[in-house]
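Asker: Let me give you the structure first, and then I'll get to my questions.
No value in this document is a laboratory result; all are computed from the given coordinates. Values in this document were obtained by computation on a predicted structure and should not be read as measured data. For neighbour counting, all protein chains shown are included, and Cβ atoms are generated from backbone atoms with ideal geometry for every residue, glycine included.
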Amino acid sequence: MRRREFIALIANTAICYPLVVRAQQKTLPVIGFISSRSPEDSQSVLAAFRKGLSEGGLVEGKNVVMEFR
């Protein structure tokens, strides 16, 4: 009986492992950009901000998400 239980345990582990791995997805860090002006009015500031992020190795959409408020 123990042999059957062991085989069932191994089979269940092999079936469930891919489901667990897919459930753990990386989340990107979020950087907030807070300004009293609209994003259209502050294009030059946003361009400089994005340039500074890229110099630090952060690219919007690839490894960081930006939220505007």
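Asker: Take Ala48 and Arg69, extend 7 Å from each Cα along the Cα→Cβ direction, and tell me the distance between the two endpoints in nm.
Answerer: 2.3 nm
Asker: Using amide H atoms built 1.01 Å from N in the peptide plane, name the residues 5+ places from Met66, or on other chains, whose amide H lies under 5 Å from its own.
Answerer: So Met66 has HN proximity to Ile31, Gly61.
Asker: For Ile7 and Arg37, compute 0.36 nm times the residue count separating them, minus their Cα-Cα distance, and round to one decimal in nm. Could the numbers behind the result be given before it?
Answerer: Working: separation 30, 0.36 × 30 = 10.80 nm, distance 6.39 nm.
Computed gain between Ile7 and Arg37 is 4.4 nm.
Asker: Report ³J(HN,Hα) in whole Hz for each residue of region 60-69, in order, from the Karplus equation J = 6.51 cos²θ - 1.76 cosθ + 1.60 where θ = phi - 60°; Gly and Pro get x.
Answerer: 4, x, 9, 10, 7, 10, 10, 10, 9, 9
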